[in-house]
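Enquirer: The structure follows.
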Amino acid sequence: MNFHIFHYGLIYLRPVRSIEQMAMKYRSRIDIISHILKAANGDNATKTKITYKAFLNYNQMKENLAALTQNDLLRYNEDTQTFSTTEKGLRFLQIYNQIDDMIKEEEHQPLQQQMWIHR
């Protein structure tokens, strides 16, 4: 899938990995962390796999992997040079998903109900 960028009257085609990537232009740090933990969940994930699955640049990957490892949300295996999500990281993901679901439910409620909730 391609999209057009207009710059000084010229048209450039730039490949896009997915619509999801375009929607993730402005993410909070918590959102980025959740994507990293999801990418590293299950089988052991390399830095490259996490970078692509979580739509990160090199600096984001480097900074976040170090912080998540230091805080025991990710585990690094030196033998295989891979990361995996820890139990603590899985608990974080579970809570994050619960909060995300509550926010999505609130967004779908009629305006009157939303106003009542915020009072």
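Please treat every number below as a calculation from the coordinates, not as lab data. All figures in this text were calculated on a predicted structure; none of them were measured in a lab. Heads up, the Cβs are rebuilt from the backbone with ideal geometry, glycines too, and the neighbour counts pull from every protein chain shown.
Enquirer: In the neighborhood of residue 80, defined by Cβ-to-Cβ distances under 13 Å, what is the net charge if each Lys or Arg adds +1 and each Asp or Glu adds -1? Provide the component values of the computation, followed by the final result.
Expert: Numbers: positive: 47, 49, 75; negative: 43, 78, 79.
Summing Lys/Arg as +1 and Asp/Glu as -1 gives 0.
Enquirer: Now for a separate question. Give the order of 84, 34, 28 when sorted by the count of other beta carbons within 10 angstrom, beginning with the fewest.
Expert: 28, 84, 34
Enquirer: How big is the C-alpha Rg of segment 28-118 next to the rule-of-thumb value 2.2 N^0.38 Å, as a ratio?
Expert: Against the empirical 2.2 N^0.38 Å value, I get 1.30 for segment 28-118.
Enquirer: May I ask for the net charge around residue 66, where only other residues with Cβ less than 14 Å from the Cβ of residue 66 are counted and Lys, Arg are +1 while Asp, Glu are -1?
Expert: Neighbour charge sum, excluding residue 66 itself: +2.
Enquirer: What is the gain in length, in nm to one decimal, between residue 44 and residue 78 on full extension, counting 0.36 nm per residue of separation less the C-alpha to C-alpha distance? The partial results should precede the final answer.
Expert: Numbers: separation 34, 0.36 × 34 = 12.24 nm, distance 1.15 nm.
Gain on stretching residue 44 to residue 78: 11.1 nm.
Enquirer: Put a dot 7 Å past each Cα toward the Cβ at residue 57 and residue 100; how far apart are the dots in nm?
Expert: So the label points at residue 100 and residue 57 sit 2.3 nm apart.
Enquirer: Next question. With 10 angstrom as the radius, rank 72, 43, 79 by how many other C-beta atoms surround their C-beta, starting from the fewest.
Expert: Going from sparsest to densest Cβ surroundings: 79, 43, 72.
Enquirer: Using Cβ counts within 10 Å as a stand-in for footprinting exposure, how do 85, 48, 69 rank, fewest first? Display every interim value, and only then the final one.
Expert: Numbers: 85 21, 48 9, 69 14.
In increasing order of surrounding Cβ atoms, one gets 48, 69, 85.
Enquirer: How big is the charge dipole of segment 28-118 about its Cα centre, in debye rounded to the nearest 20, if each Lys and Arg gets +1 on its Cβ and each Asp and Glu gets -1 on its Cβ?
Expert: It works out to roughly 280 debye.
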